[in-house]
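In what follows, a single structure is set out as structure tokens and then discussed.
Computed from the coordinates by the stated procedures, all read-outs in this text should not be read as laboratory data. All values reported here derive from a predicted model rather than from experimental measurement. Every residue, glycine among them, receives a Cβ derived from its backbone with ideal geometry; neighbour counts consider all protein chains shown.
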Amino acid sequence: MKVVHSIEELRDQLRGQLRVAFVPTMGNLHAAHLSLMRLARQHGDPVVASIFVNRLQFGPNEDFDRYPRTLMDDIQKLEGERDVYVLFAPDERELYPEPQNFRIQPGDSLGQILEGAFRPDFFMGVSTVVLKLFSCVQPRVAVFGKKDYQQLMVVRAMCRQFQLPVEILAHETVRDPDGLALSSRNRYLSPEERTEAPTLYGLLQQVRDTVRQGQRDLPVIEAHVMQTLSSRGWDPDYVAVRRQRDLQPPKPDELDTGEPLVVLAAARLGATRLIDNLEFDVLR
Ligand code: PAF
């Protein structure tokens, strides 16, 4: 694997390559990232990964400073898997050589709901850096995990609306055996919090089962889960059942016509904010 830090070196390595499969990351790689690399490998050649902790997508009180930066470990993990041809690991001066005045602002109906309501500039920061990375790497396909469900939808919408010639592939959420979705932020959890953390996924499964059993009052179901989380010491931001296609609340009749749904949640456990989601429909 070649590790390159500059856009010029990256372009040298990729000259003439038309089937690049790209996996953007913020590093601190774990099993889910390596699984994204394998999916990329099945859909293109060469595979390019990037590691860049993007300041623009962090709010002023978020964890940008303490976000784990583990480049040497990450390189070892990628080399062990042998799927990745080039790792692009630019520093801030390389990717943001001047103040980023041109920014991608996702529309309110997708960018300002759910995660966007609690992290106002998050999707602006993600869209802007993903467009920059796409412009550096020029991939034919790019892989994103479903754990960041809304991010995946924002990136897809951006590619559609800017006619970017990149196909976005979604990778299923990878979980620990107890159900906790893998995330770099799990390493912030204390041992007690780690024991409690799978509750979030358990409650999403309960929401799915409750809706399938015929309960139709989604706000009541959502409020009940929020209360359960609070009573167990979490600080929940949202629990929401939405349509998969646009993340809007389903209309009452859509619940009985098999509309694909997703229940999404974000909640803080101690100092760690966790997100998760579960796709389902009522008929299955
Ligand atoms: O999901 C992530 O790790 C980041 O949001 C991404 C897509 C690499 C952009 O910084």
Distance in nm between pseudo-label sites at residue 170 and residue 38 (7 Å out along the Cβ direction from Cα): 2.1 nm
Residue-span extension gain [residue 162 to residue 8] - 0.36 nm each, minus C-alpha spacing: 53.0 nm
Radius, Kirkwood style, for region 15-95 when every pair of distinct Cα atoms is counted (Å): 13.5 Å
The chain - convex hull of alpha carbons, volume per residue in Å³: 136 Å³
Residue-averaged 222 nm ellipticity for the chain, from DSSP H runs of 4+ at -39500 (n - 2.57), nearest 500: -11000 deg cm²/dmol
GNM top mover of 165, 120, 68 - the chain, alpha-carbon springs below 10 Å: 165
Largest-first principal axis extents, alpha carbons of region 205-260, Å: 36, 24, 16
For region 28-157, the spread of Cα positions along each principal axis, largest first, Å: 40, 28, 25
Rough spin-label spacing in nm, given labels placed 7 Å along Cα→Cβ, for residue 256 and residue 30: 4.2 nm
Hits among lysines - C-alpha to C-alpha of residue 2 under 16 Å, sequence gap 8 or more where chains match: 77
Least to most buried among 72, 226 (fewest other Cβ within 10 Å first): 72, 226
Among 185, 19, 245: highest mean-square fluctuation, GNM of the chain, C-alpha pairs under 10 Å: 245
Region 132-274: projected area of the alpha-carbon convex hull, averaged over directions, in nm²: 10.2 nm²
Net lengthening on full extension, residue 190/residue 103 (0.36 nm per residue, minus Cα-Cα): 27.7 nm
Cα-based radius of gyration of region 74-119 once divided by 2.2 N^0.38 Å, which approximates compact folds: 1.81
